[in-house]
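First up is the structure itself, then whatever we jot down about it.
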Amino acid sequence: MSEANSKSPFAILDQPTRPDDAGRPGPYPRSPALSPRVNPQGEAVTLTIDGKSVTTAPGTVLIEAARQVGIEIPSYCYYPGLSLQGACRMCVVSIEKMGKLQTACTTIVSNGMVVHTDSDEVKNARKAMLEFLLTNHPLDCPVCDKGGECELQDAVFRYGAAETRFLETKQHEEEKKFSSLVYYDRPRCILCYRCIRVCDEGMDVNAYGIGFRGGLSVIIPNRGEHLECEECGMCIDVCPVGALTSGTYRYKTRPWEMTHVGTICNHCGDGCKTTLAIRNNQILRANNRDHSGFNGEFLCAKGRFGWDFVNSDQRLTAPRIKRNRQLESGSWEEALSTAAARLNEIIAKSGPDSVAVLGSNHTANEENYLLQRFARTILGTNNVDHHRTGDFSSLVGALTAANATDRYATMQDVFEASSILLLGSDPTHEHPLVAYQIRQAVRRHDARLYIVNRAELKLRRQASLYLKVEDEGAAVGALAGTGAASPELGTLRERLSKENDTVVVFGDALRGEQVTGLVRWGLTLPGKSRFVALGDYANSRGAADMGVLPDTLPGYAAVADAAARARFESAWGAEIPAQPGRNARAIFAGIESGEIKALLVFGSNPVRSFGVKPETLRKLEFLFVADLFPTETAEVADVVVPAASFAEKSGTVTNTCGQIQALKRTMRKAGTRSDFEILVALAAQFGANWPYRSSEDVLKEIIAQVRGYAIPLPALLVGGAVVTRPQGNPPPLERADLIFSARDSLFTSGSISRYSWALNSLDEAKKPHGTIF
Amino acid sequence: MLSDALKAKFDKIIARYPLKRSAIVPLLMFAQDEIGYVSDEAIEEIARRVEVRPIEVIEDIGYYSMLHRQPLGKYNIQVCTNVSCLLRGGEEILEHCSKKLGIGHKQTTPDGLFSLEEVECLGACCGAPAMQVNYDFYENLTPQKIDALIEKLRSDGAKKSP
């Protein structure tokens, strides 16, 4: 809690510029001081609203206090978390002993206040305000995207403003295309400035402004007639009316005609909750409709618009089998029996270790768990790996060794942190939610951000201290070492030694021993320092947790550990090979040298991610691929089966912080099967009778068998993000180049974003990676 | 390209304010005086110097009607039609200018010599009807005076323009 905050609840409105700001590079946000700060530790305030006694924390604004007891005060410009505006005057209330009506969104509660929100005076004032707001409004609700979920429509319904005293002609302007995803309809706009503030304060992009003044005021984009920004679409989401509409959703449906299903975004590793809106088995929109989950209203361009790959007509919908050097459509039965026959043949001829399996970091935990079980017990090899994008193993190993497995930081911890150390990653591009949480921590909680990076990050604007280094690993070595570091690192070490409860966020620049060193040193910092390892995709963390690794069983138990093997052997009723398998690099080397003769690839495209040449893969006697699209890898396969996307299956995914959340099946795609179904059917082809009827059965086994995953199932099934605390003693990292981020941008996510019209339609997507908007 | 003299002026003005962004409007005025209008380059430069984003500078230009993003005529004729001037024939003066120059409100002649604008009170009520040409005031106007003035400006403009 800042010093200014503890003194008086009113301090929030006239906070001085923090001294840190002096050293920060601009541009600065518009009005950093005008943000409501609640002080939950302060002495509670009691007031009366509409005859109800309300007790709330000091610093709460009246409109929030009323909401806490179920009294709704309409508002347009007020939006929780954004700075106060006081522009729309819809939230006026009468407060006894105060002369005029007051705006509930800017009035802070005080003891003994008596408030009326429903008197005739208030109702008349609101009705009059609505008359003003409707002066130029076209009232085109029947064709407006927002109709049915419009805050202006709701208020007119409640207060009535059917007749108007304005005789002048309404000013009309044609709608404008700000970008391929954002359209602006001037006459519908009520100038609440939510879009301007969310873009500035939430996203630190500030792409919107106000043109002209008075009755001619209009929202303008930053590049003449166009918007150039991160295209997160938050402006569309927070718009209370139909002024800002989505390029992917507009004029397609009415809100009440869709089915809404809450699930988890499948792009980056942050694990944002999203609500997919479905009509006729097609996704039409994604937004976090109920603001549940740790991302609240936040979604980035990929989350909000990048789901359309699911509807892509390039999806694989039938298995393909190579006949006469050509991939031809075939049946599922034929594809799976061919695969089993060829694999059996190769194993009989060259032994099980001539087969390897490459897993995915987009598929569910249950599927990853089954995949490694399939490799280990049915194929009989530990040659199983995936594209590792962050060193989760080393983090788990280091925290377990220090007996500190309560030190995994969650997404909420990043938001609430008072001090954040960011090493070797660019969250703005690679982890939009982490970047958002960091910005909010700085803006709303006065957190100090310390950055050690080789590049100039956009987050530098929020940083109290930014250190440009050649190599983050070496910097960590110097930081963690007891010896003399450079003066800058010395300053950082000193500043951090004065902080409490620092959250340490690190990317793929730190691997193996460097992570161990960082954790060991981080744990010596004052308070309860916590850690986040950043990995690229929706289930990068889950793939590691579930043991899609050559030397590690589920829950980071070493393959070489006989006791751990015995535990899983008894659970699975089959033997696990004792020798650790080949890692991904060794698998590709093995293909090159002819030692690996068959490869199974699930939801991965090594031609792109690892840069493996298709000619190398052609050396294989048998290549099996399960994927959504005909990727470069699938093109050279012997059998390709069409997999279900995240929207078409159930299961769980674990985000980069280790929070597990449930995917919900929202639709079906004819011809496809989930990796779960594929693996169970494939196992059956080998004569194994796996006892799983649904992915939930697998989840129950994971809860029972995987250390750190003993989570309460109900908490997960009601849509919670449950923290997992893995502990184990994974073997040390074999080679550093096993861990590398794909450096995806705001508009790419591996192979799947190539099939998204929305993302590829953006001008911003054509700009060089790392462009700061 | 902004001149070095202008950039030096920018530095001087920004130093006067405790908050850098307070200098936006004066900077815009000096930029407009030198360039004739506020160019995109000037917007970028001002935003960079006062550490805000260009969009905030563009907002200010939109707010103040005396700041322009397009080149105006060499002589910007601003005719007042507010109360005092209205009562003394300001609207006729505006109409006369418009007919004489063949352009309307916020338009510029094809030769780039004149622009015309209808403006609110110029603070010259004692000499109504009044108008302002660039920074010079002309009061107690009649159509004849306008004709003479426009002729003079036209010949001056022809002489001096390159």
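The values are calculated or read from the model by the stated rules, or taken from the named source; none is laboratory data. Source: prediction; values computed, not measured. Here the Cβ is made from the backbone with ideal geometry for all residues, glycine too, and neighbour counts use every protein chain on show.
Just to be sure, is B:Lys106 loosely packed, with under 14 Cβ neighbours inside 10 Å and either of a type outside the set (Ser, Thr, Tyr) or free of Cβ contacts under 8 Å to residues at least 12 places away in the same chain (or both)?
yes
Looking at this structure, is A:Leu679 among the aliphatic types (A, V, I, L, M) and in contact (Cβ under 8 Å) with a residue 40 or more places away in the chain?
Considered against the rule, which asks whether it is among the aliphatic types (A, V, I, L, M) and in contact (Cβ under 8 Å) with a residue 40 or more places away in the chain, A:Leu679 comes out as yes.
For region A:153-174, which positions are surrounded by fewer than 17 Cβ atoms within 10 Å (Cβ to Cβ) and either in contact (Cβ under 8 Å) with a residue 60 or more places away in the chain or assigned to a helix (DSSP H, G or I) (or both)?
Of everything in region A:153-174, those that are surrounded by fewer than 17 Cβ atoms within 10 Å (Cβ to Cβ) and either in contact (Cβ under 8 Å) with a residue 60 or more places away in the chain or assigned to a helix (DSSP H, G or I) (or both) turn out to be A:Asp154, A:Phe157, A:Arg158.
What number of residues within region A:295-321 are more than 18 Å from A:Trp757 (Cβ to Cβ) and either crowded, with 24+ Cβ neighbours inside 10 Å or at pLDDT below 95 (or both)?
Residues flagged as more than 18 Å from A:Trp757 (Cβ to Cβ) and either crowded, with 24+ Cβ neighbours inside 10 Å or at pLDDT below 95 (or both) within region A:295-321 amount to 5.
Restricting to region A:112-152, give me the number of residues that are buried (at least 17 other Cβ atoms within 10 Å of the Cβ), of a type in the set (Lys, Arg) and over 18 Å from A:Arg254 (Cα atoms).
Going through region A:112-152 one residue at a time, the tally reaches 1.
Conditions (1) among the β-branched types (Val, Ile, Thr); (2) touching a residue at least 60 places away in the same chain (Cβ under 8 Å); (3) not assigned by TED's automatic domain parsing to the domain that holds A:Leu682, marked per residue:
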residue: A:Thr363; (1), (2), (3): yes, yes, no
residue: A:Ile378; (1), (2), (3): yes, yes, no
residue: A:Asn382; (1), (2), (3): no, yes, no
residue: A:Ala398; (1), (2), (3): no, yes, yes
residue: A:Thr410; (1), (2), (3): yes, yes, yes
residue: A:Gly424; (1), (2), (3): no, yes, yes
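Given (1) part of a loop (DSSP other than H, G, I, E, B); (2) surrounded by fewer than 18 Cβ atoms within 10 Å (Cβ to Cβ); (3) charged (D, E, K, R), identify the lone condition not met by A:Glu499.
Among (1) part of a loop (DSSP other than H, G, I, E, B); (2) surrounded by fewer than 18 Cβ atoms within 10 Å (Cβ to Cβ); (3) charged (D, E, K, R), A:Glu499 violates only (2).
Tally up the residues in region A:366-400 that are under 30 Å from A:Ile347 (Cβ atoms), among the aliphatic types (A, V, I, L, M) and within 26 Å of the chain's Cα centre (by Cα), please.
Qualifying residue count, region A:366-400: 2.
Is it the case that region A:229-242 has a residue that's within 23 Å of B:Asp60 (Cα to Cα) and not acidic (Asp, Glu)?
So far as region A:229-242 goes, yes, one or more of its residues are within 23 Å of B:Asp60 (Cα to Cα) and not acidic (Asp, Glu).
I'm trying to understand the selection: among the residues of region A:200-218, which are within 23 Å of A:Gly26 (Cβ to Cβ) and touching a strand residue (DSSP E or B) at 6+ places or on another chain (Cβ under 9 Å)?
A:Asp200, A:Ala207, A:Tyr208, A:Gly209, A:Ile210, A:Gly211
Here's the yes/no breakdown for (1) among the charged types (D, E, K, R); (2) under 26 Å from A:Val442 (Cβ atoms); (3) touching a helix residue (DSSP H, G or I) at 6+ places or on another chain (Cβ under 8 Å):
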| position | (1), (2), (3) |
| --- | --- |
| A:Thr56 | no, yes, yes |
| A:Pro74 | no, no, yes |
| A:Tyr78 | no, yes, yes |
| A:Gly81 | no, yes, yes |
| A:Val93 | no, no, yes |
| A:Lys97 | yes, no, no |
| A:Gly112 | no, no, no |
| A:Val122 | no, no, no |
| A:Met129 | no, no, no |
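Looking only at residues in region B:46-59 that are in contact (Cβ under 8 Å) with a residue 12 or more places away in the chain and buried (at least 21 other Cβ atoms within 10 Å of the Cβ), which one is farthest from the other protein chains (Cβ to nearest Cβ)?
B:Ile46
If you check A:Tyr159 against the conditions, is it more than 10 Å from chain B (Cβ to nearest Cβ), under 30 Å from A:Pro27 (Cβ atoms) and of a type in the set (Phe, Trp, Tyr)?
It is false that A:Tyr159 is more than 10 Å from chain B (Cβ to nearest Cβ), under 30 Å from A:Pro27 (Cβ atoms) and of a type in the set (Phe, Trp, Tyr).
Say we look at region A:595-617 and pick out the residues that are hydrophobic (A, V, I, L, M, F, W, C) and in a loop (DSSP other than H, G, I, E, B); which of these is nearest to A:Asn382 (Cα to Cα)?
A:Ile596
Could you check region A:739-773 and list, in sequence order, the residues that are free of Cβ contacts under 8 Å to residues at least 60 places away in the same chain, more than 25 Å from A:His387 (Cα to Cα) and assigned to a helix (DSSP H, G or I)?
Selection gives A:Lys766 alone.
Let's see how each residue does on (1) at pLDDT below 80; (2) charged (D, E, K, R); (3) surrounded by fewer than 19 Cβ atoms within 10 Å (Cβ to Cβ); (4) touching a His at 6+ places or on another chain (Cβ under 7 Å):
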position: A:Ile12; (1), (2), (3), (4): yes, no, no, no
position: A:Arg18; (1), (2), (3), (4): yes, yes, yes, no
position: A:Asp21; (1), (2), (3), (4): yes, yes, yes, no
position: A:Thr55; (1), (2), (3), (4): no, no, yes, no
position: A:Lys100; (1), (2), (3), (4): no, yes, yes, no
position: A:Thr106; (1), (2), (3), (4): no, no, yes, no
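Small (Gly, Ala, Ser) and buried (at least 17 other Cβ atoms within 10 Å of the Cβ): which single residue out of B:Ser155, B:Ser98 fits that description? Explain how you work it out, then say what you get.
Working: B:Ser155 fails: buried (at least 17 other Cβ atoms within 10 Å of the Cβ).
It is B:Ser98.
Hey, can you tell me all the residues within region A:555-574 that are touching a helix residue (DSSP H, G or I) at 6+ places or on another chain (Cβ under 6 Å) and not in a helix (DSSP H, G or I)?
The answer is A:Tyr556, A:Ala557, A:Ala574.
Select from region A:109-137 the residues that are among the aliphatic types (A, V, I, L, M) and not in a loop (DSSP other than H, G, I, E, B) and list them in ascending order.
Within region A:109-137, A:Val114, A:Val115, A:Val122, A:Ala125, A:Ala128, A:Met129, A:Leu130, A:Leu133 qualify.
Starting from region A:462-478, take each residue that is surrounded by 17 or more Cβ atoms within 10 Å (Cβ to Cβ) and list its partners that are of a type in the set (Phe, Trp, Tyr), counting only C-beta distances under 6 angstrom and pairs at least six apart or across chains.
Taking only residues 6 or more apart or on different chains, the pairs are A:Leu465/A:Tyr450.
Given the structure, is B:Ser65 within 13 Å of chain A (Cβ to nearest Cβ) and either farther than 22 Å from A:Asp200 by Cβ or crowded, with 16+ Cβ neighbours inside 10 Å (or both)?
Working: within 13 Å of chain A (Cβ to nearest Cβ): yes; either farther than 22 Å from A:Asp200 by Cβ or crowded, with 16+ Cβ neighbours inside 10 Å (or both): yes.
For B:Ser65, the condition - within 13 Å of chain A (Cβ to nearest Cβ) and either farther than 22 Å from A:Asp200 by Cβ or crowded, with 16+ Cβ neighbours inside 10 Å (or both) - is met.
May I ask you to list the residues in region A:187-235 that are away from every other protein chain (no Cβ under 14 Å) and either part of a loop (DSSP other than H, G, I, E, B) or under 29 Å from the mean Cα position of the chain (by Cα) (or both)?
A:Cys189, A:Ile190, A:Cys192, A:Arg194, A:Val198, A:Gly202, A:Glu231, A:Cys232, A:Gly233, A:Met234
Only one of these is touching a Pro at 6+ places or on another chain (Cβ under 6 Å) and not assigned by TED's automatic domain parsing to the domain that holds B:Tyr17: B:Gly89, B:Gly112, B:Gly127, B:Gly102. Name it.
B:Gly89
For region A:50-74, what are the residues that are in a loop (DSSP other than H, G, I, E, B) and without any contact (Cβ under 8 Å) to a residue 40 or more places away in the chain?
Result: A:Gly51, A:Ala57, A:Val69, A:Gly70, A:Glu72.
Could you please find all residues in region B:14-45 being in contact with a Leu (Cβ under 6 Å, 6 or more places away or on another chain) and either hydroxyl-bearing (Ser, Thr, Tyr) or surrounded by fewer than 19 Cβ atoms within 10 Å (Cβ to Cβ) (or both)?
Passing the criteria: only B:Glu34.
Kindly indicate the residue of region A:712-728 that is surrounded by fewer than 23 Cβ atoms within 10 Å (Cβ to Cβ) and touching a helix residue (DSSP H, G or I) at 6+ places or on another chain (Cβ under 6 Å) and also modelled with the lowest pLDDT among those meeting that condition.
A:Gln727
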